[in-house]
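Below is one structure, written out as structure tokens, with a few remarks after it.
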Amino acid sequence: SSRLLLTLKTAAALLPRRTQRRTLFYGWGGFQGEGASALADAVKATDVRVAYLRHGNTEPNEVDFDRTLTKQGRWQAVAAAKSYGLSLRPFLPTALSSEAPRAVETAQIFLEDAGRDVELVTDRSLYDGTMQPEGSAVFREIGYAPLDFYLKDGRANAVLGDYAENAAARVAATLAGFGQCSRRRTLVVVGHVLAR
């Protein structure tokens, strides 16, 4: 089964080992780059927690982007808000979400139950279209499979790395707009990540 929520509580969570470049974790693969470094620096500078919320269970759809939450997926968003979301308060006044309907719906439900007064900003760069069969030649060949299967293939790392870099840069840019918080707050980011 998949885990619904992954929280990066401190910049140290982005630094699993000392290297010149910081590593951004996407699933089980680590990707290094400027976006990952910028995100780690932004988290450290603002003293903001970044809570990553994966969208809930979805209905099948021929067009991946258009998939919507099932009843179970809506329940998962409520459960995440009640069991974990309340402990993440206070939130920054902005939350980020992929533009995909399943992510937007998850974010709206989560924030309604845990946040209140948080503006939801959607961003196409947080939609992981690279994981879909039409996203690249590698994914057209492999199709839908667990993330670790793609990472073992090796060819997918560049595509996943580009996505991870873009997403990290978007989150870092959002954090840069807030500066140092007077008290610790959480930025909620809702998107698409695969987990066991």
Practice problem: Pull up all non-local amide H partners of residue 118: gap of 5 or more, or a different chain, and H-to-H distance under 5 Å with H placed in the peptide plane. | Solution: none
Practice problem: Could you list which residues have their amide H under 5 Å from that of residue 181, counting only those 5 or more apart in sequence or on another chain, with H placed in the peptide plane? | Solution: none
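Give the shape of the stretch 39-130 as rounded, prolate or oblate, defined through the alpha-carbon gyration tensor: a ≥ b ≥ c are the square roots of its eigenvalues, a/c under 1.5 means rounded, and otherwise the shape is prolate if a/b is larger than b/c and oblate if not. Working shown, then result.
Details: a/c = 2.26, a/b = 1.36, b/c = 1.67.
Here the stretch 39-130 falls in the oblate category.
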Exercise. Could you please report the charge total around residue 61, scoring K, R as +1 and D, E as -1 over all other residues with beta-carbon less than 11 angstrom from its beta-carbon?
Key: -2
Quiz item: Between residue 187 and residues 5 or more places away or on another chain, which pairs have amide H atoms under 5 Å apart, with H built 1.01 Å from N, and which residues are they?
Solution: 49, 50, 51, 92
Practice problem: Compute the length gained on full extension between residue 182 and residue 141: take 0.36 nm times their separation in residues and subtract their Cα-Cα distance, giving the result in nm to one decimal. | Solution: 9.8 nm
Exercise. For 178, 149, 139, give the ranking by accessible area with the largest first, probe 1.4 Å.
Key: 149, 178, 139
Self-check item: Approximate spin-label separation residue 120-residue 75, in nm, with each point projected 7 Å along Cα-to-Cβ
Solution: 2.1 nm
Quiz item: What FRET efficiency do you get for residue 47 and residue 86 if R0 is 25 Å and r is their Cβ-Cβ distance, rounded to the nearest 0.05?
Solution: 0.80
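The values are calculated or read from the model by the stated rules, or taken from the named source; none is laboratory data. Model, not experiment: these values are computed from the prediction. Quick reminder, even Gly has a Cβ in these numbers, built from the backbone with ideal geometry, and neighbours come from all protein chains shown. The area values use the complete protein model at the heavy-atom level, side chains included, leaving out ligands, DNA and RNA. Shrake-Rupley method; radii C 1.70, N 1.55, O 1.52, S 1.80 Å.
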